[in-house]
Amino acid sequence: GGVGLGLAISRGIVEFLGGHLQCISAPGHGSRFYFMITVPQVPTTSRAAIATRKTTHVTLKQGKEFTALVVDDVKENREVLTKMLQAQGAEVKVVSSGIEALESLKEHIPNAAYLDIAMPEMDGLELLSQIRALPKKPDRFICVTASVLAVDKKSYLDQGFDEVIGKPITLEILRQSLL
């Protein structure tokens with residue numbers, strides 16, 4: 001499954017790090033992709049500091065309510081985002097399509113809507129347009145997408161999203177959407 005962006009994204013990351021992605025392929029035998037990059041050596045004292053550093057768990061302030069609507073056609077994506085939001089103290093409603101999202105909004109308006117872009121029947125952009133036309137709507141719209149190129153991000157923001165979160169979702173970026 002997927003939309004075929006993995007190789008393009010990998011190539012972009014490797015080139016950003018100063019390398020070049022290469023491929024050896026033979027029909028019936030598969031393909032092998034490889035690269036080489038030069039990375040600086042981390043001093044031993046830095047490794048020890050990293051190993052002993054404590055991570056902090058930031059959640060919503062006590063008494064602050066945050067509700068979210070998660071819309072994604074892929075079950076695993078919904079589950080990951082839902083668990084991450086709930087771990088931050090958010091109350092989450094989960095649906096698997098744009099049509100279900102519109103029905104859900106008749107009952108409850110969340111603080112934020114996390115909309116997947118690539119969905120069948122009604123994609124995230126069409127869903128955003130339909131929600132924005134409603135008399136009551138969420139305060140914030142967050143685009144969730146595997147397409148995180150700068151030009152795509154700008155396009156999503158220009159079309160009305162308040163924020164763009166790339167997949168895979170990181171906790172730090174997710175926390176910013178809670179503000």
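Descriptive notes on the structure:
- Global geometry of region 132-179, whether rounded, prolate or oblate, following the gyration tensor of its Cα atoms and the 1.5 cut on a/c: oblate
- Distance in nm between pseudo-label sites at S10 and E121 (7 Å out along the Cβ direction from Cα): 3.3 nm
- Taking the charge dipole of region 110-179 about its Cα centre, with +1 at Lys and Arg Cβ atoms and -1 at Asp and Glu Cβ atoms, the residue from F141, L125, I169 reaching farthest to the positive side is F141.
- Between E76 and T38, the simple spin-label model (points 7 angstrom out along Cα→Cβ) gives 3.7 nm.
- FRET efficiency for S129 and A150, using Cβ-Cβ distance with R0 set to 25 Å, rounded to 0.05: 0.65
- Anisotropy class of region 83-179 from Cα gyration tensor, a/c 1.5 cut: oblate
- Candidate aspartates and glutamates - alpha carbon under 16 Å from K106, same-chain residues fewer than 8 apart omitted: D139
- Filtered GluC sites (Glu not before Pro), region 77-179: DSSP coil and at most 16 other beta carbons within 10 Å: E121
- The residues of region 82-179 present an accessible area of 52 Å² per residue when probed at 1.4 Å with all protein chains retained.
- Portion, in percent, of the accessible area of region 69-137 that falls on carbon or sulfur, probe 1.4 Å: 51 percent
The values are calculated or read from the model by the stated rules, or taken from the named source; none is laboratory data. Quick caveat, the model's predicted, so the values are computed rather than measured. FYI the Cβ positions are ideal-geometry reconstructions off the backbone, even for glycines, and counts take in every protein chain you see. Just so you know, the surface numbers come from the protein's heavy atoms only, side chains and all, with ligands and any DNA or RNA stripped out. Shrake-Rupley method; radii C 1.70, N 1.55, O 1.52, S 1.80 Å.
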